[in-house]
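Heads up, the thing below is written out as structure tokens.
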Amino acid sequence: MTLEGIHHITAITADAPRNADFYTRVLGLRLVKKTVNQDDPTAYHLFYADEHGSPGADLTFFEYPGIARGRAGAGMVYRIVWRVASEEALTFWEHRLRGEGVGGRREHGSLLFEDPEGLALELRVVETTDASLVARHPEIPPEVALTGFDGVRAYSLDPGRSQLFLHETLGFAPTGDDGFEVRGEQRGSFYAYDRAATGGMSGAGTVHHVAWASPIDEHADWRERVARGGGHPTPVIDRFYFRSIYFREPSGVLFEIATIGPGFTADEPLEHLGESLSLPPAFEHLRGMLEQVLTPVPAARGRR
């Protein structure tokens, strides 16, 4: 069995409207699902992705209005890296972000910047045969658009403690310099560490967990494999749009293994994804209450 790279990445925001504006209008992603945190349904769970809501391009946020900013530290993913196709794309994004008052640092082959709550982001020029996962946007030509995740970087007090588990249990391939490639038959991504002296603090602008993609027919076997490797996984949880298990890898980062499918069209047609509040059947009875307490999020701007 092999994992198909990153399925999704989940972070935390204190301000859903501002968050939606930045990731849809500025970065050009599509809001593909507006739903709730199924472990705390009074909190939003917003999903941004390519046009089809594909695993591999899916950045999600829990909203906790007014929560203080967090601080990334050991045991946390701290940077999300997207692919773009060319140096010309980096130039486009450098100018676009500057026009939005977002400072960035251009390096050879990459552009580093932060979202409005301090979450570290990077655009990197990557040559790959993986499918290009692009969202449509009237101001962003497809040839310069974000094309899916390349990987994530995490902090660890001692990256070496995770090596055996990641390699032998999860099948991550070491690439040197505390990095790994996670590649299946269709898609891949990287997972890498930088050393940190202290732990962090969860809050706005921090990553909650990273999810890795599994074919649905292998998911139960992955749970057994993680358990045998000492990962202490949760039971399989039906999230309606996919099934999930959760566990912490030895450096403390919260991992999820999520299935490829059923997908976001389980309760909405593709052309109308993310336009209204979607609730899995088990939460539908809460709709009236939730519509009163959830922060209004305007319709995605800058789309066609």
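The values are calculated or read from the model by the stated rules, or taken from the named source; none is laboratory data. Predicted model only: the values in this text are computed from it and were never measured. Cβ atoms come from the backbone with ideal geometry, glycine included; neighbour counts cover every protein chain shown.
Can you tell me which of 139, 122 is surrounded by fewer than 17 Cβ atoms within 10 Å (Cβ to Cβ) and among the charged types (D, E, K, R)?
Of 139, 122, the one residue that is surrounded by fewer than 17 Cβ atoms within 10 Å (Cβ to Cβ) and among the charged types (D, E, K, R) is 139.
All but one of (1) of a type outside the set (Phe, Trp, Tyr); (2) in contact (Cβ under 8 Å) with a residue 12 or more places away in the chain; (3) under 24 Å from residue 61 (Cα atoms) hold for residue 109; which doesn't?
Among (1) of a type outside the set (Phe, Trp, Tyr); (2) in contact (Cβ under 8 Å) with a residue 12 or more places away in the chain; (3) under 24 Å from residue 61 (Cα atoms), residue 109 violates only (3).
Starting from residues that are of a type in the set (Gly, Ala, Ser) and not in a loop (DSSP other than H, G, I, E, B), keep the ones in region 237-280 and report whichever is nearest to the chain's Cα centre (by Cα).
258
Can you give me the number of residues within region 217-257 that are surrounded by fewer than 17 Cβ atoms within 10 Å (Cβ to Cβ) and either of a type in the set (A, V, I, L, M) or at positive phi (or both)?
Total satisfying the criteria: 6.
Being among the β-branched types (Val, Ile, Thr) and surrounded by fewer than 22 Cβ atoms within 10 Å (Cβ to Cβ) is the filter here; which residues of region 82-94 pass it?
91, the sole residue that qualifies.
Go through (1) more than 30 Å from residue 127 (Cβ to Cβ); (2) touching a Ser or Thr at 6+ places or on another chain (Cβ under 8 Å) one by one and return the number of the condition residue 215 breaks.
Of the numbered conditions (1) more than 30 Å from residue 127 (Cβ to Cβ); (2) touching a Ser or Thr at 6+ places or on another chain (Cβ under 8 Å), the odd one out for residue 215 is (1).
For region 178-190, indicate whether the set of residues that are among the charged types (D, E, K, R), more than 18 Å from residue 250 (Cβ to Cβ) and in contact with a Leu (Cβ under 6 Å, 6 or more places away or on another chain) is non-empty.
Looking for residues that are among the charged types (D, E, K, R), more than 18 Å from residue 250 (Cβ to Cβ) and in contact with a Leu (Cβ under 6 Å, 6 or more places away or on another chain), one finds none in region 178-190, hence no.
Search region 117-132 for residues being in a loop (DSSP other than H, G, I, E, B) and farther than 17 Å from residue 89 by Cα, and hand back the single one that is farthest from the chain's Cα centre (by Cα).
129
So, in region 55-101, exactly how many residues are at positive phi and within 12 Å of the chain's Cα centre (by Cα)?
Qualifying residue count, region 55-101: 1.
Can you report the number of residues in region 42-76 which are crowded, with 23+ Cβ neighbours inside 10 Å, more than 17 Å from residue 31 (Cβ to Cβ) and not small (Gly, Ala, Ser)?
1
From 168, 181, 185, 218, which residue is charged (D, E, K, R) and part of a strand (DSSP E or B)?
Working: 168 fails: part of a strand (DSSP E or B); 185 fails: part of a strand (DSSP E or B); 218 fails: part of a strand (DSSP E or B).
None of the other options fit; the residue is 181.
If I go through region 188-212 residue by residue, how many of them are within 15 Å of residue 166 (Cβ to Cβ) and touching a helix residue (DSSP H, G or I) at 6+ places or on another chain (Cβ under 8 Å)?
Result for region 188-212: 2.
Name the single residue, out of those in region 156-177 being more than 18 Å from residue 247 (Cα to Cα) and in contact with a Ser or Thr (Cβ under 8 Å, 6 or more places away or on another chain), that is surrounded by the fewest Cβ atoms within 10 Å (Cβ to Cβ). Break it down into steps so the answer makes sense when it comes.
Residues of region 156-177 that are more than 18 Å from residue 247 (Cα to Cα), as a first pass: 157-158, 160, 173-177.
Now narrow it down to the ones that are in contact with a Ser or Thr (Cβ under 8 Å, 6 or more places away or on another chain): 157-158.
Values: 157: 16, 158: 12.
Checked region 156-177; the qualifying residue surrounded by the fewest Cβ atoms within 10 Å (Cβ to Cβ) is 158.
Within region 86-116, track down each residue that is part of a loop (DSSP other than H, G, I, E, B) and either closer than 30 Å to residue 64 by Cβ or in contact with a helix residue (DSSP H, G or I) (Cβ under 6 Å, 6 or more places away or on another chain) (or both).
Result: 100, 101, 102, 103, 115, 116.
Collect the residues in region 25-42 that are without any contact (Cβ under 8 Å) to a residue 40 or more places away in the chain, over 15 Å from the mean Cα position of the chain (by Cα) and in a strand (DSSP E or B), keeping them in residue-number order. Full working, then the answer.
Just the residues of region 25-42 that are without any contact (Cβ under 8 Å) to a residue 40 or more places away in the chain, to begin with: 37, 39-40.
When the remaining residues are screened for being over 15 Å from the mean Cα position of the chain (by Cα), the result is 39-40.
Across region 25-42, the qualifying residue is only 40.
Which of the residues spanning region 1-30 are under 24 Å from residue 215 (Cα atoms) and not charged (D, E, K, R)?
1, 2, 3, 5, 6, 7, 8, 9, 10, 11
Could you figure out which of (1) surrounded by fewer than 17 Cβ atoms within 10 Å (Cβ to Cβ); (2) in contact with an Asp or Glu (Cβ under 9 Å, 6 or more places away or on another chain); (3) modelled with pLDDT of 95 or more isn't true of residue 103?
(3)
Mind checking which pairs have a first residue in region 89-100 that is in contact (Cβ under 8 Å) with a residue 24 or more places away in the chain and within 18 Å of residue 124 (Cβ to Cβ) and a second that is part of a helix (DSSP H, G or I) and of a type in the set (S, T, N, Q), Cβ under 8 Å, 6 or more apart or different chains?
none
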